[in-house]
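A short worksheet on the structure shown next.
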């Protein structure tokens with residue numbers, strides 16, 4: 001499992017992978033796929049707007065940005081027909097900038113442009129969308145969504161304006177919807193380019209993002225992997241599903257149910273046939289790079305329950 005707390009680097013690495021192998025147009029095609037998914041009448045944002053009009057923008061970002069522990073201020077003036085989101089510090093771009101500084105992971109050069117896809121969700125309802133990219137190099141931006149039938153071109157907070165102001169420290173970073181994003185990414189690669197490309201992308205992501213973990217495993221053995229898993233499952237509020245037993249240079253792991261699969265099924269998202277690779281390929285790559293062997297001994301498609309072994313290659 002790639003944790004939802006690890007999704008942002010996986011997302012950025014997917015964009016980089018697509019551009020390096022298939023060109024910038026393929027990245028745009030993927031963004032269009034995300035924000036205009038085939039066979040669905042609405043995106044999540046679109047569903048909110050369909051139910052509540054422009055207030056749906058306030059409802060959607062209230063949910064997502066609080067779960068992402070963002071620094072932001074939102075304004076909604078329904079009578080005047082406008083919604084303004086000022087992102088003081090984007091949790092996604094901020095996380096990528098931190099990773100670049102801490103471990104050298106290079107953010108996708110046009111990462112922030114993916115948010116322009118939200119216009120696909122608002123325009124079918126007669127709303128317009130302006131995205132201000134000034135400040136994205138410092139993880140800041142803003143967007144304005146408005147109803148051209150009511151908006152007079154002036155953003156003036158008044159007695160009709162609702163305001164939500166939040167700082168990252170007020171919330172926990174746990175946006176489980178990102179599990180769907182991990183699956184959506186590997187499903188796109190698998191269905192469009194085949195299994196080998198899914199494997200290659202996950203190997204590339206692993207070697208870029210988990211390089212520090214690999215260094216710790218080389219130094220401390222599978223105890224480092226055990227500590228990593230315990231931390232990740234604790235962040236997912238799922239410590240109770242993880243059982244890890246260390247015997248010398250062998251780590252045996254049992255997952256009674258995958259928190260990612262549990263979430264996806266709770267929102268009627270059936271995991272793709274490629275989702276299991278986010279465990280198998282990631283772990284196989286870490287093992288191969290550090291002198292170990294990974295064996296996925298069992299995996300249940302319905303619940304994501306799994307058992308696997310990580311052991312020295314000479315045993």
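Here are some notes:
- Inspection of region 155-174 finds a residue satisfying the criterion of being surrounded by 16 or more Cβ atoms within 10 Å (Cβ to Cβ), over 19 Å from the mean Cα position of the chain (by Cα), modelled with pLDDT of 95 or more and not in a loop (DSSP other than H, G, I, E, B).
- In region 18-59, the residue that is surrounded by the most Cβ atoms within 10 Å (Cβ to Cβ) out of those that are under 18 Å from the mean Cα position of the chain (by Cα) and farther than 16 Å from residue 116 by Cβ is 18.
- Residue that is surrounded by the most Cβ atoms within 10 Å (Cβ to Cβ), among those in region 266-300 that are without any contact (Cβ under 8 Å) to a residue 60 or more places away in the chain and under 15 Å from residue 190 (Cβ atoms): 276
- Qualifying residues in region 142-151 (those that are outside any strand (DSSP E or B) and in contact with a strand residue (DSSP E or B) (Cβ under 9 Å, 6 or more places away or on another chain)) - the one farthest from residue 8 (Cα to Cα): 150
- Filtering region 65-96 to residues that are out of contact with any strand residue (DSSP E or B) (no Cβ under 8 Å at 6 or more places or on another chain) and surrounded by fewer than 16 Cβ atoms within 10 Å (Cβ to Cβ) leaves only 79.
- Applying the condition of being over 20 Å from residue 48 (Cα atoms) and not in a loop (DSSP other than H, G, I, E, B) to region 115-141 and asking which residue is farthest from the chain's Cα centre (by Cα) yields 132.
- Criterion (outside the structural domain of residue 267 (by TED's automatic domain parsing), under 17 Å from residue 83 (Cβ atoms) and touching a residue at least 12 places away in the same chain (Cβ under 8 Å)) met by exactly one of 47, 53: 53
- The numbered conditions (1) over 19 Å from residue 5 (Cα atoms); (2) in contact with a helix residue (DSSP H, G or I) (Cβ under 9 Å, 6 or more places away or on another chain); (3) not in a strand (DSSP E or B) are all true for residue 314 except (2).
- Where residue 212 falls short, out of the listed (1) buried (at least 16 other Cβ atoms within 10 Å of the Cβ); (2) touching a helix residue (DSSP H, G or I) at 6+ places or on another chain (Cβ under 7 Å): (1)
The values are calculated or read from the model by the stated rules, or taken from the named source; none is laboratory data. Quantities reported herein were computed from a predicted structural model and do not represent experimental measurements. Using ideal geometry, Cβ is built from the backbone for each residue, glycine included, and neighbour counts are taken over all protein chains shown.
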